[in-house]
1. Filter the stretch 17-40 down to residues that are more than 10 Å from the ligand (Cβ to nearest atom) and under 15 Å from residue 65 (Cβ atoms) and give me whichever is surrounded by the fewest Cβ atoms within 10 Å (Cβ to Cβ).
2. Out of the residues in the stretch 268-285 that are assigned to a helix (DSSP H, G or I) and in contact (Cβ under 8 Å) with a residue 60 or more places away in the chain, state the one that is nearest to residue 233 (Cα to Cα).
3. Among 312, 264, which is crowded, with 23+ Cβ neighbours inside 10 Å and assigned to a loop (DSSP other than H, G, I, E, B)?
4. Which count do you get for residues in the stretch 227-244 that are assigned to a helix (DSSP H, G or I) and closer than 23 Å to residue 289 by Cα?
5. Collect the residues in the stretch 397-415 that are in contact (Cβ under 8 Å) with a residue 40 or more places away in the chain, part of a helix (DSSP H, G or I) and within 22 Å of residue 69 (Cβ to Cβ), keeping them in residue-number order.
6. Give me a count of the residues in the stretch 103-139 that are over 17 Å from residue 367 (Cα atoms) and within 13 Å of the ligand (Cβ to nearest atom).
7. Might you check whether a residue that is modelled with pLDDT of 95 or more, within 13 Å of the ligand (Cβ to nearest atom) and in a helix (DSSP H, G or I) occurs anywhere in the stretch 74-94?
8. Going by the structure shown, is residue 71 modelled with pLDDT of 95 or more and within 30 Å of residue 95 (Cβ to Cβ)?
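The values are calculated or read from the model by the stated rules, or taken from the named source; none is laboratory data. In this text, all values refer to a predicted model and were calculated from it rather than measured experimentally. Neighbour counts run over all protein chains shown; Cβ positions are idealised from the backbone, glycine included.
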Ligand SMILES: N=C(N)NCCC[C@H](NC(=O)CCC(=O)O)C(=O)O
């Protein structure tokens, strides 16, 4: 067994962060449709979280934003001419498609990929499968650039394997780490990997949501486990409760979070709670670890309160002293039932004894809490040394990025602002400079 640390790669919020109501089934996205966003504040809120966690000793890094608008998307559906022509025509004829091409959704890096650390894989490398996100137009175009960014960061194929996204078809709907949880005795020891799906493509009789889409299929989960070379005994496939999907739980990380041997979850998270916990415990026996379920009952916190506060979209982080901190959005303190529950939780003598709360309102209004904003990658010291170092959060990087945001980001973005061709130029200028700051030359197509 080797020692390893969990790095959290937060998505740096891009300069075109906006509210376009693009995610049917995501309550916050729907409720904030067409409201005015503040990309500058969004980026600074995300950076503040990264810096605060880094300064507490947690390993913290970032993934860069993607180029916007996505001209590849716009041109592929028939908008042609100069960049300005493309934007003008798209705004006039299909403003939703323009908003999709402008979405800053890659900030939610929990949806970038599924990651299996080297302790779990057959070839002893860290495996990434980029998520195809094919349930939503605006997200389905992320994977090409995500793969490119991950390969720029994890290019050393002695240690890392980055797999392209699964075939972009409903049978393989894949949303990445948002539906994947690793449970283990410690980050460096072999763990079990829990894949949570919403429906089964080839078994139409299996339970499925009726109102909102299930974005992840069992078939996609199995494909990722195969690509990563996971031991069959240690890959567990669990079905999410379709009724909770219909209440706005569009990813498992909106209703459960795990870390180490702790699974913090709502009683209505899974189709069959008792069988799920028993299956996980049995799999954990195989890695000689004991599961510590922390169950939240509906009588204490309803599914609606969980969705409204994003209680489970928290980061559960192991501290050096062996205890765990729960990183929650400030909405949890503002919801009476959730705040009361959390007070009891940290006082209970259980594994979670500290709360860290952040103002992430800009992201939250699009349905993205602390856990959506980060991709977890457990790395040994040798692996951590082999990855690109320019994205590791330090005080110096934080200071440079705050200055960069201050110079390039708008503090007001209304839906009609997407028609302004100057915005596209601003975004490219900002990202061009960012590649110098992060030491990632040529990261974007427009730099060719
Ligand atoms: N739970 C996790 N891991 N991620 C949250 C992703 C939020 C994202 N919202 C959006 O894409 C809204 C964009 C808009 O409406 O403008 C989504 O629904 O895919």
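1. Here the residue is 40.
2. Residue satisfying both the conditions and the ranking: 283.
3. 312
4. 3
5. The answer is 405, 408, 415.
6. Looking only at that region, the number is 5.
7. Looking through the stretch 74-94, none of the residues is modelled with pLDDT of 95 or more, within 13 Å of the ligand (Cβ to nearest atom) and in a helix (DSSP H, G or I).
8. Judged against the criteria, residue 71 is a match.
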